[in-house]
Amino acid sequence: MKIGFIGAGNLANALVAGSSQSDFFSKNEFLAYDLFQPSLDKISAFGVTAVSSVTELIVLSDIVILAVKPKDFLSLLTENSETFKTKNPFIVSVAAGTELSFVRSCLGFNAKLARIMPNINAKVRGSATAVCVQENVSAEEKKNLIEFCNSFGGTFEMDESQFAVFGVIGGCSPAFNYMYIDQLARAAVKLGMNKSVALEVAAQAVKGSADMILSTDDHPYELVDRVCSPGGTTIEGVTALQQNGFENAVNAAVEASYNKDCKMRAKNN
């Protein structure tokens, strides 16, 4: 099976980097096209074959992954609609705020479409990826797509109507998590710890906390209560987070990202 990326930017590189650590990558052939040569050079380092045009990529690929910016979808799809129609590959979009109905309207025919929403943690096989597959996609094609997504993290099948919410907690939240980890480390530096050590400690603590939630049925706040001894250090910190608006800040970040997605959908669709 041949999988072609139109667009070889950061996200495409992360997907390939993660998949290249799995058996899935070795069993299949990956292709890429990008106008920016340094991006092609970077993705080629993983064993991806660079091609010279969009047309060549479409003709050679069984699955075409649209990894360009949403603003470029209209021109890309309309200019290459006849090639897409003739080859009729399985087309997969990774664009935020761009619905499959818009992709289909740009192509002008009943293409086989799916939408996925991974995040940059795919690079270390840690992505949370939403998948929505249209009804005219075969069972085999859907299976191949799920296996591809599983090769760089965990996969969640859901209706496209849930993608905006998923995009925030699954796609935007890594940035929030990075900020939290960095701030923990900076606070430790203020108290005398080396920054690189503090970062490693904070990241490992956050990773372990995530693993606890994923591996047990315990509610997160039940776990919080277990860590908080009466009159101890943890409850003092938890109370300080609450008093300084921790929950409100998280809610505000989620709502702001969601509202931005809504604006993008209104503009792009």
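The values are calculated or read from the model by the stated rules, or taken from the named source; none is laboratory data. Owing to the predicted nature of the structure, the values given are computational and were not obtained by experimental measurement. Here the Cβ is made from the backbone with ideal geometry for all residues, glycine too, and neighbour counts use every protein chain on show.
Structure above, values below:
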read-out	value
Residue count, segment 210-225 (criterion: out of contact with any Asp or Glu (no Cβ under 8 Å at 6 or more places or on another chain) and within 21 Å of LEU184 (Cα to Cα))	8
Boolean, THR129 is of a type in the set (S, T, N, Q), farther than 18 Å from CYS172 by Cβ and either modelled with pLDDT of 95 or more or assigned to a strand (DSSP E or B) (or both)	no
Positions within segment 196-214 being in contact with a Pro (Cβ under 9 Å, 6 or more places away or on another chain) and of a type in the set (Val, Ile, Thr), in sequence order	ILE213
Extreme residue, surrounded by the most Cβ atoms within 10 Å (Cβ to Cβ), among residues of segment 242-255 that are closer than 24 Å to VAL165 by Cβ and not small (Gly, Ala, Ser)	VAL254
Failed criterion for ALA122 (all others in (1) in contact with a Leu (Cβ under 6 Å, 6 or more places away or on another chain); (2) assigned to a loop (DSSP other than H, G, I, E, B); (3) among the aliphatic types (A, V, I, L, M) hold)	(2)
Among residues of segment 109-134, those that are under 22 Å from GLU82 (Cα atoms) and of a type in the set (D, E, K, R), counted	2
Flag if ASN110 is surrounded by 15 or more Cβ atoms within 10 Å (Cβ to Cβ) and either farther than 25 Å from ASP261 by Cβ or hydroxyl-bearing (Ser, Thr, Tyr) (or both)	no
Criterion (over 18 Å from the mean Cα position of the chain (by Cα) and over 24 Å from ASN110 (Cα atoms)) met by exactly one of ALA17, ALA45, ALA12	ALA45
In segment 240-269, the residues that are modelled with pLDDT under 95 and either part of a loop (DSSP other than H, G, I, E, B) or touching a Lys or Arg at 6+ places or on another chain (Cβ under 7 Å) (or both)	ASN269
